[in-house]
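Peer 1: Dropping the structure in here first, questions after.
The values are calculated or read from the model by the stated rules, or taken from the named source; none is laboratory data. In this text the structure is predicted, and so the values were computed from the model without any measurement. Don't worry about glycine lacking a Cβ; one is built from the backbone with ideal geometry, like all the others, and counts go over all protein chains shown. Please note that ligands, DNA and RNA were not included when accessible areas were found on the heavy atoms of the full protein model with its side chains. Shrake-Rupley method; radii C 1.70, N 1.55, O 1.52, S 1.80 Å.
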Amino acid sequence: MPIRKATADDWPHIWPFWHRIVAAGETYAWDPDTSEEDARALWMNPAKRVYVVEDDTGAVVASAYLTPNYGGPAARIANAGFMVDPGRAGRGRALAEYVLDAARAQGYRGMVFNAVVETNPAVRLWTSLGFTILGTVPDAFDHPRHGRVGLHVMHRAL
């Protein structure tokens, strides 16, 4: 399962699953109606290092970005976002480990996720990789199936 830095040519392959995930409104605190242009600017921003996972045929099946969470004296704390094609489940752990290693290699001291929907199945993955829940903002997310749920702030030292 090759993982590599994304290029601009990867966006048309990322967009379909990015849109499907965000439009579902279950795991990201982004507008479900985000346009493709705005999504590309958000995900493929030059300030971010973007990675993709390819399957055995070379198809892009997942993507992640890595970026500083803060600026200035706190710029060594990373943030990341992950999207795995819902039809290709099981690629998330390898991508997460890859991005954590990349963050460490780039000199980050820790990683923070600012808004992890508490009902997101990825919470189990993050805790299994050593992330802790620093706190939860109650009733912060309007989930389409579960109603109002909390958003976790999660952290892991690198």
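Peer 1: Of all residues in segment 54-86, which are closer than 19 Å to residue 8 by Cα and over 13 Å from the mean Cα position of the chain (by Cα)?
Peer 2: Here is the first cut: in segment 54-86, the ones closer than 19 Å to residue 8 by Cα are 54-55, 58-67, 80-85.
54, 55, 58, 59, 60, 61 - these are the residues of segment 54-86 that are closer than 19 Å to residue 8 by Cα and over 13 Å from the mean Cα position of the chain (by Cα).
Peer 1: Collect the residues in segment 1-49 that are in contact with a His (Cβ under 7 Å, 6 or more places away or on another chain) and within 25 Å of residue 105 (Cα to Cα), keeping them in residue-number order.
Peer 2: Of everything in segment 1-49, nothing turns out to be in contact with a His (Cβ under 7 Å, 6 or more places away or on another chain) and within 25 Å of residue 105 (Cα to Cα).
Peer 1: Of the residues 74, 80, 64, only one is exposed (fewer than 13 other Cβ atoms within 10 Å of the Cβ), at pLDDT 95 or above and closer than 26 Å to residue 133 by Cβ; which?
Peer 2: Details: 80 fails: exposed (fewer than 13 other Cβ atoms within 10 Å of the Cβ); 64 fails: exposed (fewer than 13 other Cβ atoms within 10 Å of the Cβ).
The conditions single out 74.
Peer 1: For residue 118, only one of the following conditions fails: (1) open to solvent by 40 Å² or more (accessible area, probe 1.4 Å); (2) among the charged types (D, E, K, R); (3) within 15 Å of residue 27 (Cβ to Cβ); (4) out of contact with any Gly (no Cβ under 6 Å at 6 or more places or on another chain). What is its number?
Peer 2: (4)
Peer 1: Which is of a type in the set (A, V, I, L, M), modelled with pLDDT under 95, open to solvent by 30 Å² or more (accessible area, probe 1.4 Å) and more than 16 Å from residue 27 (Cβ to Cβ), of 41, 59? Write out each step before concluding.
Peer 2: Numbers: 41 fails: modelled with pLDDT under 95.
Exactly one of 41, 59 is of a type in the set (A, V, I, L, M), modelled with pLDDT under 95, open to solvent by 30 Å² or more (accessible area, probe 1.4 Å) and more than 16 Å from residue 27 (Cβ to Cβ), namely 59.
Peer 1: So, one more: Do we have any residue at all in segment 93-105 that's modelled with pLDDT under 95, more than 24 Å from residue 41 (Cα to Cα) and not hydroxyl-bearing (Ser, Thr, Tyr)?
Peer 2: yes
Peer 1: Right, here's the next one. Modelled with pLDDT under 95, surrounded by fewer than 19 Cβ atoms within 10 Å (Cβ to Cβ) and under 25 Å from residue 150 (Cα atoms): is that true of residue 86 in this structure? Show your work before the answer.
Peer 2: Numbers: modelled with pLDDT under 95: yes; surrounded by fewer than 19 Cβ atoms within 10 Å (Cβ to Cβ): yes; under 25 Å from residue 150 (Cα atoms): yes.
In short, yes.
Peer 1: Right, here's the next one. Given the structure, is residue 110 touching a Lys or Arg at 6+ places or on another chain (Cβ under 8 Å), closer than 17 Å to residue 130 by Cβ and open to solvent by less than 40 Å² (accessible area, probe 1.4 Å)?
Peer 2: Details: touching a Lys or Arg at 6+ places or on another chain (Cβ under 8 Å): yes; closer than 17 Å to residue 130 by Cβ: yes; open to solvent by less than 40 Å² (accessible area, probe 1.4 Å): yes.
Considered against the rule, which asks whether it is touching a Lys or Arg at 6+ places or on another chain (Cβ under 8 Å), closer than 17 Å to residue 130 by Cβ and open to solvent by less than 40 Å² (accessible area, probe 1.4 Å), residue 110 comes out as yes.
Peer 1: Further, regarding this structure: Within segment 6-23, identify whether any single residue is in contact (Cβ under 8 Å) with a residue 40 or more places away in the chain, of a type outside the set (Phe, Trp, Tyr), part of a loop (DSSP other than H, G, I, E, B) and surrounded by fewer than 18 Cβ atoms within 10 Å (Cβ to Cβ), and answer yes or no.
Peer 2: The answer is no, given that none of the residues of segment 6-23 is in contact (Cβ under 8 Å) with a residue 40 or more places away in the chain, of a type outside the set (Phe, Trp, Tyr), part of a loop (DSSP other than H, G, I, E, B) and surrounded by fewer than 18 Cβ atoms within 10 Å (Cβ to Cβ).
Peer 1: Now, a different point. Which members of segment 5-44 meet the condition of being in contact with a helix residue (DSSP H, G or I) (Cβ under 9 Å, 6 or more places away or on another chain) and of a type in the set (Lys, Arg)?
Peer 2: 20, 40
Peer 1: Here's another thing I want to ask about it. Mind checking whether some residue in segment 97-113 is in contact (Cβ under 8 Å) with a residue 60 or more places away in the chain, closer than 14 Å to residue 3 by Cβ and not acidic (Asp, Glu)? Full working, then the answer.
Peer 2: Let us first name the residues in segment 97-113 that are in contact (Cβ under 8 Å) with a residue 60 or more places away in the chain, namely 98.
Adding the requirement that they be closer than 14 Å to residue 3 by Cβ leaves 98.
Among the residues that remain, those that are also not acidic (Asp, Glu) are: 98.
For segment 97-113, residues in contact (Cβ under 8 Å) with a residue 60 or more places away in the chain, closer than 14 Å to residue 3 by Cβ and not acidic (Asp, Glu): present.
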